[in-house]
Amino acid sequence: QVHLVESGGGLAQAGGSLRLSCAASGVSFSWYAMGWFRQAPGKEREFVGAIDWTGGDRYHDSVKGRFTIARDNAKNMAYLQMNSLKFEDTAVYYCAARNRLSGSYYYTAPYDYWGQGTQVTVSA
């Protein structure tokens, strides 16, 4: 059974930082690319960033230069460091895992497993 569990969400002021963690179990973690998505009330779930098997990363334009994704294969952990937070970053953040080569990182469909989400609220 595959489980992804996010943690680290909470309340932050605009300009502040938060680090989200995603703990994976039940998977050969190093064979999975990890993605982060977010969903604000009334909006579609949107891509934030992803890190692949080689450690290569990619980000949505709205978070480039502010957010950084990392992974620790020895600990089966993925991280999302969020700096210079903005009010519009407020959302539920989800981590997701995929081990298929085809399909864009930017869409939800190619991801096989999802966490339950963690709330991030940024006060203006």
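The values are calculated or read from the model by the stated rules, or taken from the named source; none is laboratory data. The model shown is predicted, which means the values in this text are computed figures rather than measured ones. Using ideal geometry, Cβ is built from the backbone for each residue, glycine included, and neighbour counts are taken over all protein chains shown. The protein model used for the area step is the full one, side chains on, heavy atoms only, and it has no ligands, DNA or RNA in it. Shrake-Rupley method; radii C 1.70, N 1.55, O 1.52, S 1.80 Å.
Miscellaneous remarks
- The heavy atoms of Glu46 offer some 70 square angstrom of accessible surface to a 1.4 angstrom probe.
- Among the trypsin sites (Lys or Arg not before Pro) found in the range 45-124, those both in a DSSP coil and sparsely packed, with 12 or fewer other Cβ atoms within 10 Å of their Cβ, are Lys64, Lys75, Arg100.
- Cα centroid separation, the range 26-43 to the range 48-97: 9 Å.
- In a simple Cβ point-charge model (Lys, Arg +1; Asp, Glu -1; nothing else charged), the range 1-104 has a dipole of about 60 debye relative to its Cα centre.
- Exposure of Ser7 as accessible area (Å², to 10), given a probe of 1.4 Å and all protein chains: 60
- Rolling a 1.4 Å probe over the protein heavy atoms gives the chain an accessible area of 51 Å² per residue.
- Förster radius 22 Å - calculated FRET efficiency between Lys86 and Ser7 (Cβ-Cβ, nearest 0.05): 0.50
- Apolar share of the accessible surface for the range 1-103: 49 percent from carbon plus sulfur atoms, 1.4 Å probe.
- Accessible area in the full protein assembly, largest first, 1.4 Å probe, for Asp72, Asp57, Asp52: Asp57, Asp72, Asp52
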